[in-house]
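Input: a single structure, listed below in structure tokens.
The values are calculated or read from the model by the stated rules, or taken from the named source; none is laboratory data. Quantities reported herein were computed from a predicted structural model and do not represent experimental measurements. Neighbour counts run over all protein chains shown; Cβ positions are idealised from the backbone, glycine included. SASA here: full protein model, heavy atoms, side chains in, ligands and nucleic acids out. Shrake-Rupley method; radii C 1.70, N 1.55, O 1.52, S 1.80 Å.
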Amino acid sequence: MDRYRKWGWGLGLATVSAVSAFGLASWQAHAAPTTSPTSAAPAEQARVSDPSPLPEAATGTGSDPLTGTEVDKARAAALTPQLAANARDVTGKAGPEYLATELDEDGGRQAEVYFYDYQTERLVKQVVDLKSGKIAKSFTAAGMQPPASPQEAKVALDLLAADPLGADFKTAYQKATGKAFDAAAGAEPIAHIYTAKPADRGASQCGKDRCVQLIVKSADGHYINVTDVVVDLSGRKVARLK
């Protein structure tokens, strides 16, 4: 299922990872030999062969999903020296936050690479021609909030755990798991982008700022819902919805 929707200005986002090509497993069953009333030979057990997946091709054709090689090539071309120097990711480091790469369905064998720049609070789309390895088109827009990256989800959980409003989450975590919350214990944050609604009083800046709500999966499989709290990644603060 696609994680991303089409945007009004023509930006489409699909899944963050390129799909790996797998070979089809070959199933071969051998029938037991014929037996006679006077000679009962033991039936040979059916056997199944399961060859290793075929190696992924370096490049695809037509509307084939992008290969890992193509994604790497597109990301390298899309990250221009200017973006690398001037943009900022969710941690504040130089370079934009990488979100996803998908095939440009309307542009032949081209890749759409998406970044978020926390310096300017803008979404950046770079369209890379995979044959030439050069940027064919470039777009930026404010107020567009595609799904969060894994790094954004992790930063959101760290901000929540360090904030006084994270106390209820820690209590719920301990009740569910029997252990105190420990960021290094393998908890998996699942982040959903939050955009402010007209009646919001606790997070009215969300939409202009990049904000998320969290559901946290513990290492032993418990889910802790924290959607009454919004983490503002742009402002690096936590707010309770009112």
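Residue-level check: of (1) part of a loop (DSSP other than H, G, I, E, B); (2) under 25 Å from residue 93 (Cβ atoms), residue 202 misses just (2). When you check residue 136 against the structure, is it touching a residue at least 24 places away in the same chain (Cβ under 8 Å) and within 30 Å of residue 64 (Cα to Cα), yes or no? In short, yes. Taken over region 77-95, the criterion of being within 30 Å of residue 159 (Cα to Cα) and among the hydrophobic types (A, V, I, L, M, F, W, C) is satisfied by 78, 79, 83, 84, 85, 87, 90, 94. All of 150, 189 fail the test of being at pLDDT 95 or above, open to solvent by 70 Å² or more (accessible area, probe 1.4 Å) and within 28 Å of residue 88 (Cα to Cα), apart from 150. Annotation for region 122-138: at least one member residue is under 23 Å from the mean Cα position of the chain (by Cα) and in a loop (DSSP other than H, G, I, E, B).
What is the one condition in (1) in a loop (DSSP other than H, G, I, E, B); (2) open to solvent by less than 10 Å² (accessible area, probe 1.4 Å) that residue 169 does not satisfy? Status for residue 169: all satisfied but (1). Looking across 146, 189, one residue alone is closer than 22 Å to residue 239 by Cα and part of a loop (DSSP other than H, G, I, E, B). It is 146. Scanning region 112-133 for residues that are in contact (Cβ under 8 Å) with a residue 40 or more places away in the chain and of a type in the set (D, E, K, R), we see that the one that is surrounded by the fewest Cβ atoms within 10 Å (Cβ to Cβ) is 121.
Quick one: which of 183, 203 is small (Gly, Ala, Ser), over 29 Å from residue 70 (Cβ atoms), modelled with pLDDT under 95 and touching a helix residue (DSSP H, G or I) at 6+ places or on another chain (Cβ under 7 Å)? Exactly one residue qualifies, and that residue is 183.
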